[in-house]
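Student: Handing you a structure now.
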Amino acid sequence: MHTVYLGLGTNKGRRQQNLRRAIRRIEELIGRVERQSTFLETEPWGFESKNKFLNACVMVSTELTPRQLLETTQQIEQELGRSKSHKTINRNYTDRPIDIDILLYDDLTVDEPDLKIPHPLMYERDFVMISLREIMPTPTDEDTSTEL
């Protein structure tokens, strides 16, 4: 099993419902959602919009490879209403019903044209780091689990 961290965001439509549906589909298609952050409302990052984002992170146990994970997250985005016009091209961001970013995959580093792990912009995005810190295991979590 692999441990992956995914960042989710939505600023179009019924935002809470969009995140809940995405998390449900992640559980069905990718693997067990072990931890989930609270939903965090934020201003758009990288572009201007009147629509605020709702963001979250999840920690998932999966058997998928990084490539399979990318394909599956893109499938979920499309199922939930994200069209190709919502995709970012040269960092031109737009409003979108759902965005799922692969943040971390075990301690793996991937540097391919369409897949970069760790996510290259995650450290620049407070909304990602706040949610990620909320769900990452702490040393006390690990100490507790070894005592059981």
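The values are calculated or read from the model by the stated rules, or taken from the named source; none is laboratory data. The model shown is predicted, which means the values in this text are computed figures rather than measured ones. Heads up, the Cβs are rebuilt from the backbone with ideal geometry, glycines too, and the neighbour counts pull from every protein chain shown. Note: accessible area is taken over every heavy atom of the protein model, side chains too, but ligands, DNA and RNA are not part of it. Shrake-Rupley method; radii C 1.70, N 1.55, O 1.52, S 1.80 Å.
Student: Can you find a residue that is out of contact with any Lys or Arg (no Cβ under 7 Å at 6 or more places or on another chain), part of a strand (DSSP E or B), surrounded by 13 or more Cβ atoms within 10 Å (Cβ to Cβ) and not basic (Lys, Arg) anywhere in segment 14-31?
Tutor: yes
Student: So, one more: Which count do you get for residues in segment 32-48 that are in contact with a helix residue (DSSP H, G or I) (Cβ under 9 Å, 6 or more places away or on another chain) and outside any loop (DSSP other than H, G, I, E, B)?
Tutor: Going through segment 32-48 one residue at a time, the tally reaches 7.
Student: Here is a list of conditions, (1) at pLDDT below 85; (2) over 15 Å from the mean Cα position of the chain (by Cα), and LEU64 meets all of them except one; can you say which number that is?
Tutor: (1)
Student: Could you tell me which residue of segment 1-13 is least open to solvent (accessible area, probe 1.4 Å), considering only residues that are in a loop (DSSP other than H, G, I, E, B) and under 12 Å from ILE98 (Cα atoms)?
Tutor: Once the filter is applied, the top-ranked residue is ASN11.
Student: Mind counting the residues in segment 32-54 that are in contact (Cβ under 8 Å) with a residue 40 or more places away in the chain, open to solvent by less than 70 Å² (accessible area, probe 1.4 Å) and of a type in the set (A, V, I, L, M, F, W, C)?
Tutor: The total comes to 4.
Student: Looking at segment 58-80, I want the residues that are more than 16 Å from LYS116 (Cα to Cα) and have a partner that is among the polar types (S, T, N, Q) with Cβ atoms under 6 Å, at least 6 apart or on another chain. Which pairs are those?
Tutor: VAL58/GLN36
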